[in-house]
Structure formats: C-alpha cells, structure tokens
Amino acid sequence: MEVLGQISQKAKRHTLKEYIRLAISFFLTLALLSLYQYIRLYAEGVLDAVFSRSLLLSFLHHAGYASLVALLLAFVFNYLENRSMGRGLRVVRFIFWLLLVMEGILMEYYLQYYEILGTGFWNRYFALTTFGRFILLFVGYAIACAIWLHVFYRLTSSVYRMISRMYPFTLILLSLFLATLTTNKKPVNENKTQHLVLAAADEVFTFNTYEGNVEFPLMRPFSSNDQLGGYLNLEDQKPNLVFIVVDGLGSEFVGDDGMYQDFTPFLNSLAHSSLYWPNNLSNTGENYAALPTILGSLPFGEYGFTNLEAPINRQTLFGILKKNGYQTAFYYGGNSALNQLDRFLFEERVDLVVDQKSFGDDYKRQKKDRAGISLGYPDKELYRNWASGNIPTAQPKLEVFLTLSSQSPFLIPDAQVYKAKVDGILKKSTLPSHIRKRIKRNKELFASILYSDDALKSLIRKYSTLPEYQNTLFVITGSHSATELPGADPLERYEVPLFIYSPMVKKPLRIKKLVSHADITPSLVQLLYENYNIQIPERVAWMGDDLVGKRVFDPDKRIPLYRYGKGIKDYISGRHFISDNKLFKLEAGLAAVELRNASLKDSIKVKLNEFRAINQYVTTKDKLLPERYSLFTNVLKAPTKEEQVWINSVFNGPDYDDAYDTARRLALDGDKERALLLCRFILNKVPGHVDTEILMGRIYGWEGKYEMASELLERTVQKYPIYVDAYLALLDIYHWSGQNNKVLLLERKLKFHGINSNEVKVKLKRAKDLLKQDEDKASLAQETKESAPVMIGKGI
C-alpha cells in the first residue's frame, strides 16, 4: 500500500487533472491484465495468437467499463475533495485498485476453468479452489495492480494537456461507454467484473414469482409411449439397471466426433456396441446436482435439489423400483454427506449406501491434495468394494455408481503410468498443435480419464461373469463436462455422452434426438411399465419426457440448464438456446450459432423466467406433488417450533458431532426423550451420521422397544456393512430381546465383510452359548418327556 500512497502524499486540493490521470492509469492497468490473459491462453494452447481482433475488442470493452466507472466516481471525487483536501483522490484511488484486484481474481478463475463467473460467485469460487489459494491470488494481484497503477500514473503526467484540447472529459467517457454497448462481447474479451455486476443486477431485478393458478404446475397424468423397448431383446424377468455416472466426462471424449476419444478406448468400444445418444446434455454443471435429475427428472431448487432445506414429495427411480420389488444400492468413494446427498438417499430408502465410511483397511484412499484433503477412494477401489460385497439374489437390482477419480485435483493411483500413456497417445496423435499443447498442460486430467476408463473396464468385465449380466442394462453418462477444458460455445459445458449398453441391445444405434438427463427416468419407467406392468402412481412430476424420437430438434422440447448456485441461466426451446442474455441457434452436432433476433430472444427469456419461478415455487413450497402421489413419507418428523427452541438452546453450530455428544450425554443421564428428539434433529440434517443411528437404536433397546431398535440397526448395518459399532449395538439388541437365533445370519455377514473385532467375537460367543443352553434345555425336556410313564385313567 506504500506504492499507492506515493501517488498523492501532500495534503492539497486535487483537480480534475489528477483524477483524469488516475482514470487513464486504471484503464491501462486493465489493458495490461487483458494482455496477460491472452498471453497465458496462447501459451496454454487455447488461442492461436495473442495479438488479434479479439484482443483489440477486449481493450475496447475495458475502455467502456473504465469510462463508466470513471464517470460515476468523478462525482465521488469532487464531493470528497471539496469536503477534505486529498480525501477524494485517496478514496477513488483505493476503489480503482480494489476493482483491479477483483478483475484479476475473476480473470484467474476464467483462465483456470474457461467460464466467466456470474451470480453465485463465492459458492462457485470456493467450491473449486482453496481459501489459501484465494489469499495468495489476492495478495499477488494486490501488489501487481498497486505497482502498475502507480507506474502508469507517473507516465501519464503529460496526457492531460492532450485531452484538455479535445471535448470535455465527461463526454469522452460517456461516448466510450456507449460505443461498447453494441459490440459483440465474448467471455474471453469481456470485462469480468462488469459481467459479474450485470449478472447480479439481473438476478436482483428479475422477480421470478410464480403467479399461475395451478397448484402443482409440473404435475401431469402418467402416460406411456414406450419406444425404447423396441431396440432391446427383453427377457421375461425384470432387467437389472446399473447406472455409471462418470464425473466430468464430456462428449468430446466419446464417439467418432470426440476430439479426445483416444483417451477412452474402452468407453468408445462400448459406445459402438450400444444405443448411443450423441446429442445428450447434462441439465447441470455439478456432479451432485446431476443425480436427482438422472434418477428423478427433478427440478433444481436454488442450490441443487439435494441442498433443499426440507424434503419435498417426489418420485424417483429409486423409489419406484423399490416399490416394485427391486433391491436398490448406491456406490460412491467420497463423502456422501457433502451437499446432503446422504439425506437424499436416506429419503429414497436406498437399501445399500456405500461411501467412504464403507471401506476397510485393505482399501487405499486417494492421495491428499495441497490442503491435506482426500476426495475419498478412487474408482478401481470403488468397483473392488462392490465386487467384494456383491451377493447373488433373485431380486432385480438398481445399482448406481458415482465416480470421483476424474475430478480435480486428479490424484489417481499410478499417476506416472497413466501420464506416460498420455505421452504415448500424443506421440501417435495427429491433433493440431494447440490441442496437443492443451493436453500437455492438462496431463493430470487426461491421465485421470485414462484411469477411469481402465477402472470401468474392470467393472464391466466383472459383471460379465455374473449370471444376471445377460439381463442387465448399463446406463453410462457423464455428470457434466470438464470445466478445465475450454469449449467452443456456452452449451459445451453441458454436453455429455449417454449410452445404454447391454447384451439385450438388438443392434448398435445412434439416436440423434436432442435429449437430456431429465429424459432418462421417464423413458426407463415407460419401458418397465409397458413390458413388465410395474406399478406407477397415476400422476408424475418430471422435467423430461422420452429418449427416443424421429427428429433431432423437437419444437416443443424444453431443457432448463442449471449452472451452479443460483445459476439457472441457460435454457433450450426447440432448437434455440439462450445463455447469459445471448440467443443461439443449434445446428448439427449441437454447434451454437449466435443470432440477432430480439423478439425471439425475449420470448425464450420469458419461458426461462417462467421456469425459474416454477422451480422456486415447487421446491420451496413443496408443490411438486401432493403427498398421496409421493412414494415415501418423511421418516423423521421435523421438530415443532417449541422443540426447536429447546434444540437451539443445547446446540447452535455447524458441528453435528457436538450435537451427538449432547444427545449421548442426555441418554446416559436418563433423559431418553430429549436424547431421541436431538437424534431425530441430527438425522434430519445429516442422515449419514451413523453414530446417531446407533445411539437411537440403543435408546429404543433401553426402553424395551426391541422391534424398533432391531429394524433401525438392521438397516444401519445394511447401509454401513463394515462399521463395527453398528454390529455391537445390534448384537446387544438381539441379546436383550432373546433373538439370539438371528445372530447366525449376522455372523455370515460379519465373515463376508472381514470383520474380526474382539468385542464382536465376545458377543457372538455369548449368543452362541445361550443358544447352546436353549438347545440343551430343549433336548433335556424332550428326553424327560420320552422317559415319562404313560398314564391311563378317566378323562385321559
């Protein structure tokens, strides 16, 4: 800050001359930042040249932004300078410097992820970077901007004379700003701070209030027009469904048109043997937000469906198939508590949830990043965990896998081996030099994709050895496109592969209809309804419709697209796409060509705003479906207002482990009712808090409610099959309730999962000893009965 202070050290009244010099210095520093951005992008193989028309446009846009800022701050400068000598220039200088630092940080985000930030800035930024890195960026840009602002101020001492001979300075500024209003802005050449401010203003002044007369605007009668089944040789038994959602897998990695198809050889071999949708979109830009759309065709809420404050009535594939006799399971190597994914799975009554808590000591976690955090277990370990716990059953199955190895920071096992494979592919590649440079810069990402592809091959090969393989549909897709790779247009961030692989596929086929993740569940439900007569509620509330159609672009097709927090900014209507207030026409291969048609843009923007309003209304007011059409009611009743007052008096913070400790202390002190209330509160917020489930089971047992206790704890060991404390609690419940006969089945499960706890062995022995005593008593009673004399008499 000493450099900034040198601009004006004497306490004197400053004139417009000094202010003009400062404003020009502000623009020149912005231009320097822009030049730095273009040099970085060129060095990374993203741009073909530094000095181009696009760079000149960026200078023009920065000039317009700087002009507007200077025009507005001129009034602040004059007011403060008249109040106190030197204050106006000091304050304005500080504001200019702060805006420069902000532009630098926003530019750094663009350089990293090739997207420009709008609303939801802080949530998005800190979801993708660490606070420590943010501080380093802030300090670096703070120092650099202060130095260059000072340097340019010193260099512009003679500029005022030239400007003073021209028009009044305010007219120059206004003209520059007005000139930029009609230019065609792109993220690469747009001022990032101006974009953020305009996006925030649009968010504030767009009043998305649902004003319709229909109480449940997304609800409609269920109707079936199955076309997908015609491409499959279905068997008599209901098919197994296996979903594999690969994090960050974009369309550029799969298919004949995929630029990076060499990095997914196995996936491409599957695609060539599958029903393949080359024009598929993820409805979201986040992995956690993709699952409710894929499995339920559900709206987004404000920050993603799983982050809704309270459960709402809905129907998903998990619930529908569970009600029709399917066994449901979810597999993820990471922490399912993030973004409340565990709560979503709990509410859907998923039979088996495998996340990072379900891996034993013989599994190896992914390496920690610079912040000392590990995402969890890599894909091969996830699939190995599935294979070790897979138990043959006569029930049809719905199994969902969410991967994480292709997620930043890409810390895969055997990283050097896969990086060497990337080098080998590049040696044989005929890709343009700037693409090769991009791959080299993102070598960790491409190595992780190769690893994920290898892992998926091991999973499919393992499945192929199982009897149920012949009757299994594999639905494979990406959660969203990798943000680390630049896209040609705003739609590319949503373009992900989708294919259904199965021995039941009649012949491989490319289905060119424009579809999205929201169409998957409606299409599969129709298939099962038509061919297996599964039971479906008579009314549904889905965003999508069907995966099959004759036309690529259906004029009635509507696809809302959720970018990130508060980010429903993109929308497709027919073959037209609106993004960041720009209108595009979709051509072959989903190439987006910008259109200048104000009336058409306005009509589609009305539809976008209508959906925003409906999305907010149905997710905040629980107006997706009436309760009678919902498959499950909320298991854990939310506390009353009176109960919430007490809860807030004993727990008020983000650490639910503290709340658990309080509940445990209350239970041990004999206040079981309060302890259960606090347990229910914790599980409403963090359904995956396994220790709380166990405590609830023990409290039920202490109260003699053995049926409730055993039901809860049996579900707990099903969800967390390697958590020893759950088995210990369940063994105690069986002992207290005289259900030692159930221990033998539980022992098989313990052996299957390799649990060798001494405490468990002691309690198993206790149960077996009691069973042996019961057998001895029964045997003795039988012998006594057989040796007793036969009595004959009246009445006998």
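The values are calculated or read from the model by the stated rules, or taken from the named source; none is laboratory data. As the structure is a prediction and not an experimental result, all values here were calculated from the model. When we count neighbours, we look across all protein chains shown, and the Cβ atoms used for this are built from the backbone with ideal geometry, even at glycine. Surface areas here come from the heavy atoms of the whole protein model, side chains and all, with no ligands, DNA or RNA. Shrake-Rupley method; radii C 1.70, N 1.55, O 1.52, S 1.80 Å.
A few points about this structure:
- Restricting attention to region 733-745 and to residues that are part of a helix (DSSP H, G or I) and surrounded by fewer than 18 Cβ atoms within 10 Å (Cβ to Cβ), the residue that is modelled with the lowest pLDDT turns out to be LEU745.
- Extreme residue, farthest from ASN390 (Cα to Cα), among residues of region 351-367 that are surrounded by fewer than 22 Cβ atoms within 10 Å (Cβ to Cβ) and touching a residue at least 40 places away in the same chain (Cβ under 8 Å): LYS367
- From ILE24, ILE20, residue being open to solvent by less than 10 Å² (accessible area, probe 1.4 Å) and of a type in the set (Val, Ile, Thr): ILE20
- Residues in region 671-693 that are in a loop (DSSP other than H, G, I, E, B) and open to solvent by 50 Å² or more (accessible area, probe 1.4 Å): ASP671 only.
- Output for region 440-491, where each listed residue is surrounded by 19 or more Cβ atoms within 10 Å (Cβ to Cβ), at pLDDT 90 or above and more than 22 Å from SER405 (Cβ to Cβ): THR472, LEU473, LEU491
- Scanning region 38-62 for residues that are touching a Phe, Trp or Tyr at 6+ places or on another chain (Cβ under 6 Å) and either β-branched (Val, Ile, Thr) or at pLDDT below 85 (or both) yields a single hit, VAL50.
- Counted as qualifying within region 239-333 are the helices (runs of 4 or more DSSP H) with 2 or more residues that are crowded, with 24+ Cβ neighbours inside 10 Å and within 20 Å of the chain's Cα centre (by Cα), namely 287-296, 317-323.
- LYS428 being open to solvent by 50 Å² or more (accessible area, probe 1.4 Å), of a type in the set (Lys, Arg) and under 26 Å from SER274 (Cα atoms): no
- Qualifying residue in region 362-384 (condition: within 26 Å of ILE755 (Cα to Cα) and among the small types (Gly, Ala, Ser)): yes
- Of all residue pairs spaced 6 or more apart or on separate chains, those with beta-carbon atoms under 7 Å, a first member in region 563-576 that is in a strand (DSSP E or B) and a second member that is at pLDDT below 80 are ASP570/ARG563.
- Residues of region 48-77 that are of a type in the set (S, T, N, Q) and in contact (Cβ under 8 Å) with a residue 40 or more places away in the chain: SER54, SER58, SER67.
- Region 375-392, subset part of a loop (DSSP other than H, G, I, E, B) and at pLDDT below 90, residue least open to solvent (accessible area, probe 1.4 Å): ASN390
- VAL417 fulfils the conditions (1) touching a strand residue (DSSP E or B) at 6+ places or on another chain (Cβ under 7 Å); (2) β-branched (Val, Ile, Thr); (3) without any contact (Cβ under 8 Å) to a residue 60 or more places away in the chain except for a single criterion, (1).
- GLY653 meets all of the listed conditions (1) crowded, with 18+ Cβ neighbours inside 10 Å; (2) in a loop (DSSP other than H, G, I, E, B) but one, namely (1).
- Selection within region 493-519 - out of contact with any strand residue (DSSP E or B) (no Cβ under 8 Å at 6 or more places or on another chain) and part of a helix (DSSP H, G or I): ARG493, ASP519
Residue by residue, here is whether (1) out of contact with any helix residue (DSSP H, G or I) (no Cβ under 7 Å at 6 or more places or on another chain); (2) surrounded by 22 or more Cβ atoms within 10 Å (Cβ to Cβ); (3) within 29 Å of GLU115 (Cβ to Cβ) holds:
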| position | (1), (2), (3) |
| --- | --- |
| PRO508 | yes, no, no |
| TYR529 | yes, no, no |
| GLU538 | yes, no, no |
| TYR571 | no, no, yes |
| LYS585 | yes, no, yes |
| GLY589 | yes, no, yes |
